[in-house]
Every structure is written in C-alpha cells, then in structure tokens.
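First the structure, in the form of structure tokens, and then the observations on it.
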2 protein chains.
Amino acid sequence: MTLERSLLIPRLCIIGVGLIGGSLARALKEAACVGEVIGAGRHEASLQKAMELGVIDRYATDLRMAVANADVVVVAVPLGAMYPVFAAIADYLPSGCVLTDVGSAKGSVVDEVRRAFGRIPPTFVPGHPIAGTEKSGVESSFAELFRHRRVILTPLAETEAQAHDLIQRMWEAAGAEVVDMGVRHHDEVLAATSHLPHVLAYALVDTLARLDDRAEIFRYAAGGFRDFTRIASSDPVMWHDICVANQGALLAAIEQFTRHLDRLVEAINSGDSKAVLDIFRRAKHARDNLYRE
Amino acid sequence: MTLERSLLIPRLCIIGVGLIGGSLARALKEAACVGEVIGAGRHEASLQKAMELGVIDRYATDLRMAVANADVVVVAVPLGAMYPVFAAIADYLPSGCVLTDVGSAKGSVVDEVRRAFGRIPPTFVPGHPIAGTEKSGVESSFAELFRHRRVILTPLAETEAQAHDLIQRMWEAAGAEVVDMGVRHHDEVLAATSHLPHVLAYALVDTLARLDDRAEIFRYAAGGFRDFTRIASSDPVMWHDICVANQGALLAAIEQFTRHLDRLVEAINSGDSKAVLDIFRRAKHARDNLYRE
C-alpha cells in the first residue's frame with residue numbers, strides 16, 4: 001500500500017478558493033488527509049495568492065483541467081456562480097469522483113446540478129458548513145474555521161452511501177460535526193437562523209444610512225448596535241445570491257417575522273404592557289438558554 | 001479650605017444602585033472626586049450588596065433621608081420607576097442640590113419631573129450615558145463602564161449653567177465624553193440606534209422561539225446569530241419601560257424600518273438584483289465606515 005492510497009483524499013480539487021474553500025484546504029492539509037490540493041477559479045491573482053499562502057499546491061483556471069483525476073471536487077464559489085461551474089465540469093468529472101458544494105441554500109444547488117448534469121450524479125453530496133465570518137477571500141481563511149462547527153449534508157435519494165461517507169469524513173477531519181437533513185428543511189432552518197437576520201441587519205443599517213442626520217445618528221450608536229449590525233458587513237454579492245437562491249423560504253421567514261413585529265408594534269401602540277413584556281421575556285429566556293455567556 | 005470642599009461632589013446620592021448607578025459610583029470613587037456616596041432604592045438586599053462591594057458608603061430606603069444634604073442626586077432607576085422617585089423627593093431636595101437622571105428616553109423623564117415638581121427645577125439636568133451591557137444589577141457594575149463612552153445631556157431652558165457644568169464634570173470624571181442635545185432630537189436618535197435594534201432582536205428571537213421546530217432551529221444558529229441577538233438578552237422590564245417612555249419616536253423608527261424592509265422584500269420577490277445589491281452595498285459601506293474592525 002502506497003502512502004497516497006492511505007490518504008482520505010489523494011487528489012482534492014477546490015473550485016473557488018476563498019474563505020470557505022481556503023479554510024477547508026488548510027484544515028485538511030493540517031489533518032494530513034489530503035495528497036495534492038488543486039485550486040481552480042476565475043481569478044488567477046487570487047489563486048496565485050492561495051499558492052503563496054500554501055493553501056493549494058497548484059491551480060488551473062480551466063475547470064476541465066482542474067477536475068482531471070480528482071477524487072473529490074468541492075465547489076465553493078458563491079451561489080450565483082455555481083451553475084456555470086457545474087455546466088463546465090458535467091462532462092469531465094472523472095468516474096467515481098465525489099462532487100460536493102458548500103452553498104448556503106441547498107434546493108437551488110440541487111436544481112442546478114440536475115440541470116447541468118441532466119440528472120443527479122450518484123456521487124453528488126450537497127453540503128453546507130455553518131461557519132464563516134463577515135470577511136471573505138483566501139487571505140481570511142484559517143484551518144480552524146470549521147472546528148466544532150456543524151456541517152449539514154443533504155444527501156438525495158440518488159446519493160451513494162460511499163460518496164456520502166467520504167464527504168462526512170472529510171468534514172470531520174476538518175474538525176466539524178456532520179449532520180444530515182432534508183433539502184427543504186435545511187433551507188427553512190437556515191432562512192430563519194441566518195438569512196433572515198442578515199436581511200434585517202442590512203435593512204436596518206441602510207434605513208439609518210439614508211436618513212438626513214445619518215452622521216449624527218451613527219455617532220451615538222453604542223456596543224449593542226455594533227454587535228447587532230456586524231453581519232451587515234458581510235459580502236453583499238454573496239448575500240444577494242443567497243436571497244435569490246433561497247427566495248421562497250426567506251420570504252416566508254420575513255413574513256413570519258413582520259407579522260410578529262406587527263403584534264409587538266400593536267402592543268406598544270396600545271400600551272399593552274403584558275404583551276410587550278411577554279415577548280421580551282420569552283425572547284430573553286430563549287436567548288439565554290441558547291448561549292450561556 | 002477643607003478636603004471636602006475641594007471635592008467635585010462632597011455628598012452624592014444615587015437612587016437605584018444597579019449597573020449604571022453602581023458603575024458611576026465606582027468610577028467617581030476611583031477618580032477621587034466624591035466624598036460620601038449614599039445609595040437609595042427599594043431593594044434593601046441589593047443596597048447591602050452594594051455596601052459589601054464598596055460601591056456605596058451607606059444607604060437609606062427612605063428617599064427623604066437619602067437626599068438630605070446631598071450635593072448631587074442621580075436617579076438611576078428604570079424609566080418606569082422614575083415618577084414615584086421624583087414625586088417622593090420633590091419637596092425634600094435640598095436647596096441648590098443638582099438633580100440628574102440616566103434615563104434612555106428624555107422626553108418622558110422631563111415630563112415626569114415637571115409633573116412631580118410642578119415646574120422644571122433650575123438644578124435639573126437630564127442625562128443619558130450611552131453605555132451598558134446586556135447584564136444588570138450592582139454585581140455587574142464596574143468603574144470603566146463609561147470610559148470613552150458618550151453621555152448626552154439635554155439641558156432645558158430652565159437649567160442653570162452651574163448645574164449643567166457640574167453634571168458635565170461629573171461624567172467627564174467618570175471617563176465619558178459629554179455632548180448636549182435637544183430632548184426631542186435625543187429621543188429620535190436613540191430610537192433609531194438603540195431602541196429599534198433591541199425591538200428587532202427581541203422580535204426575531206421570539207419569532208423563532210414560537211416555531212414548532214425551535215429546538216432544531218436554534219441548534220443551527222451560528223456566530224452571526226449570536227452577535228445579532230445578544231441584545232435580546234437585555235432586561236425585559238427595562239426595555240418595556242423604554243418602549244413606553246419613547247413610544248412616539250420608537251414607533252416612527254419601526255415604521256421607517258418596515259417601509260424599508262418592504263422595499264427589500266419587493267426587490268427579492270421580483271428578482272430585482274440591482275435593488276437588492278444596492279441596499280446590501282450601501283449598508284456594508286456604512287457599517288464598515290462606522291467601525292473599522
């Protein structure tokens with residue numbers, strides 16, 4: 001048995017070497033479970049940077065070349081850039097090569113894979129690491145990003161057990177805890193816990209940014225505002241893509257939220273102290289139980 | 001000249017020795033600019049705790065006794081508990097004693113002082129330190145809470161320059177930067193930057209807490225959610241009181257926000273990528289400029 005054969009993933013291709021793709025490469029290298037890491041993407045300068053940082057071993061801007069002989073291909077480009085990637089590699093993915101992605105919405109990715117490949121390849125394992133920062137780019141990547149974080153896999157009826165197992169072990173090697181979930185359920189849960197808060201933070205900061213006295217208003221923003229709005233510093237293109245990709249579940253979550261906010265407004269307006277206190281107390285209780293800080 | 005005479009505030013009375021009142025006492029003691037600090041309030045156990053912690057020198061549960069011979073009285077009780085305090089001390093405030101408060105809304109406090117005293121006492125200086133944590137109680141107080149934070153004073157036409165000056169110097173001694181603002185403007189600015197975010201955070205957490213699959217939903221909440229919802233761990237009673245006290249400005253801010261959110265929903269719904277991106281980019285730009293993290 002050669003050394004290479006004992007590796008979990010002898011040849012790993014990462015398409016899109018940014019915060020997520022770069023951090024995964026770093027983590028798997030640190031865990032010594034990958035052989036060669038090939039980076040791919042549209043921006044050569046960024047790939048060169050990834051080479052300099054030691055995140056990847058070589059790179060290709062031609063996706064056909066990039067996936068050749070790969071054991072695993074991880075698509076880690078923004079959601080809005082995924083379909084062209086799938087379309088470009090559909091006819092060139094090596095036989096038996098496992099395909100996975102890191103998209104924050106899963107229904108749209110599954111649809112795009114089906115469209116690009118004409119079917120769901122049995123080696124396709126949709127995935128989503130619940131990790132990230134408001135920063136982006138390979139310069140921000142670090143090996144510990146996924147440690148003790150959850151990764152959700154949404155395997156399909158077509159997905160082979162072996163492929164599923166390999167991607168699970170890959171994320172575990174990166175330090176993550178892997179859980180399985182249905183595609184639709186994933187999209188609903190993430191709409192509520194991640195996509196909705198981002199939309200609210202963006203909407204709040206932009207509301208204030210458009211006021212005439214915005215300079216003065218921002219001057220009096222304190223610590224609570226800083227924490228509350230941190231996610232509004234996230235990458236606008238990435239979050240635009242998420243809003244498009246998870247439109248249905250996101251709009252449903254926003255509607256649920258605004259109905260709830262309307263009830264709170266009504267309670268404040270009518271001086272219904274009990275109703276206001278009930279909402280605040282229930283929220284504090286839930287938040288305190290969630291994170292014991 | 002005796003030692004006492006050289007002190008900024010020989011005798012300081014703090015009514016409500018919690019996070020804010022306790023931290024102010026600690027800061028002024030550390031700055032060696034107060035003589036005796038008398039604590040007052042309804043909860044004797046909490047006052048005893050403040051004594052043990054060295055935050056106050058003595059205490060009184062009878063407000064008439066507490067304010068006797070005081071040079072400055074700071075009312076640091078929740079907004080909803082302020083009126084009874086003003087009413088109780090109105091006839092007993094020593095001549096020349098400067099009265100201030102720390103309420104997060106100023107219009108309501110000014111109204112209550114006018115109602116309790118039958119006029120605005122010329123030694124009344126409404127104030128609001130823009131500082132705090134999601135914790136409360138004297139146990140959470142610390143001397144550095146106001147350091148490099150802003151304190152807004154909203155002096156009235158009746159306010160004497162000498163009283164205004166003393167309160168300004170008191171907060172500066174605690175490490176804060178003091179600015180003056182009109183009462184109404186204060187309430188609008190704070191509604192936008194503080195009260196609105198708190199209402200949104202409470203409403204969001206409670207929306208999720210009421211879902212059937214809340215346990216699972218909260219399980220997948222990541223770092224962004226943690227930061228975004230931290231302020232939902234704040235004291236429900238205090239925030240209820242703020243919503244009541246600043247009802248008008250807060251409801252106006254919520255309406256402005258929901259109109260803006262509606263536009264974003266419309267853009268997501270209609271697939272208007274440019275509009276979505278514009279909002280996200282403007283928000284990111286404003287947030288990045290606000291805090292260079």
B:Val75 fails exactly one of the following numbered conditions: (1) farther than 12 Å from B:Phe124 by Cα; (2) in contact (Cβ under 8 Å) with a residue 40 or more places away in the chain. What is the number of that condition?
-> (1)
Out of (1) modelled with pLDDT under 95; (2) over 25 Å from B:Leu264 (Cα atoms); (3) crowded, with 17+ Cβ neighbours inside 10 Å, the one A:Ile279 does not meet is (1)
Residue pairs meeting the criteria (Cβ under 9 Å; at least 6 apart or on separate chains; first within 7 Å of another protein chain (Cβ to nearest Cβ) and in contact (Cβ under 8 Å) with a residue 12 or more places away in the chain, in the stretch B:278-290; second assigned to a helix (DSSP H, G or I) and not aromatic (Phe, Trp, Tyr)) = B:Ile279/A:Ala203; B:Ile279/A:Asp206; B:Ile279/A:Pro236; B:Ile279/B:His260; B:Ile279/B:Arg263; B:Ile279/B:Leu264; B:Ile279/B:Ala267
Any idea which residue in the stretch A:3-60 is farthest from the chain's Cα centre (by Cα), counting only those that are more than 19 Å from A:Asp71 (Cβ to Cβ) and among the charged types (D, E, K, R)?
-> A:Glu52
Residue check, B:Leu211 modelled with pLDDT under 95 and in the same structural domain as B:Leu261 (by TED's automatic domain parsing) | yes
If we ask which residues in the stretch B:202-237 are in a helix (DSSP H, G or I), over 29 Å from A:Ile217 (Cα atoms) and more than 7 Å from chain A (Cβ to nearest Cβ), their number turns out to be 3
Report the residue count in the stretch A:86-99 for those that are surrounded by fewer than 23 Cβ atoms within 10 Å (Cβ to Cβ) and either among the β-branched types (Val, Ile, Thr) or touching a strand residue (DSSP E or B) at 6+ places or on another chain (Cβ under 7 Å) (or both).
-> 2
When you look at A:Thr159, is it of a type in the set (Ser, Thr, Tyr), more than 15 Å from the chain's Cα centre (by Cα) and surrounded by fewer than 24 Cβ atoms within 10 Å (Cβ to Cβ), yes or no?
-> yes
Out of the residues in the stretch B:238-248 that are in contact with a Ser or Thr (Cβ under 8 Å, 6 or more places away or on another chain) and facing chain A (nearest Cβ under 8 Å), state the one that is surrounded by the fewest Cβ atoms within 10 Å (Cβ to Cβ).
-> B:Val244
For the stretch A:200-217, enumerate the residues that are out of contact with any Asp or Glu (no Cβ under 9 Å at 6 or more places or on another chain) and within 22 Å of B:Leu277 (Cβ to Cβ).
-> A:Leu200, A:Ala201, A:Tyr202, A:Ala203, A:Leu204, A:Val205, A:Thr207, A:Leu208, A:Ala209, A:Arg210, A:Leu211, A:Arg214
With respect to B:Leu251, determine if the residue is at pLDDT 95 or above, surrounded by 23 or more Cβ atoms within 10 Å (Cβ to Cβ), within 8 Å of chain A (Cβ to nearest Cβ) and within 25 Å of A:Leu211 (Cβ to Cβ).
-> no
Mind checking which residues of the stretch B:179-200 are within 14 Å of the chain's Cα centre (by Cα) and without any contact (Cβ under 8 Å) to a residue 60 or more places away in the chain?
-> B:Val189, B:Thr193, B:His198
Keeping to the stretch A:255-264, report how many residues are surrounded by fewer than 22 Cβ atoms within 10 Å (Cβ to Cβ) and not hydroxyl-bearing (Ser, Thr, Tyr).
-> 6
Does at least one position in the stretch B:238-256 carry a residue that is under 20 Å from the mean Cα position of the chain (by Cα), assigned to a helix (DSSP H, G or I), under 27 Å from B:Val125 (Cα atoms) and aromatic (Phe, Trp, Tyr)?
-> yes
Just one of (1) within 26 Å of A:Lys135 (Cα to Cα); (2) in contact with a helix residue (DSSP H, G or I) (Cβ under 8 Å, 6 or more places away or on another chain); (3) surrounded by fewer than 16 Cβ atoms within 10 Å (Cβ to Cβ) trips up A:Glu30, so point out which.
-> (2)
Do you know which residues across the stretch A:207-230 are touching a residue at least 24 places away in the same chain (Cβ under 8 Å) and either among the small types (Gly, Ala, Ser) or surrounded by 24 or more Cβ atoms within 10 Å (Cβ to Cβ) (or both)?
-> A:Phe228, A:Thr229
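Among residues belonging to the stretch B:257-293 that are assigned to a helix (DSSP H, G or I) and among the hydroxyl-bearing types (Ser, Thr, Tyr), point out the one that is farthest from the chain's Cα centre (by Cα).
B:Ser273
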Does the stretch B:184-196 include one or more residues that are more than 7 Å from chain A (Cβ to nearest Cβ), part of a helix (DSSP H, G or I), at pLDDT 95 or above and touching a strand residue (DSSP E or B) at 6+ places or on another chain (Cβ under 7 Å)?
-> yes
Out of all the residues in the stretch B:265-277, which are within 7 Å of another protein chain (Cβ to nearest Cβ) and under 13 Å from A:Pro236 (Cβ atoms)?
-> B:Ser273, B:Val276, B:Leu277
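The values are calculated or read from the model by the stated rules, or taken from the named source; none is laboratory data. Since the model is a prediction, treat every value here as computed from it, not as a measurement. No Cβ is skipped: glycine too gets one built from the backbone with ideal geometry, and neighbour counts run over all protein chains shown.
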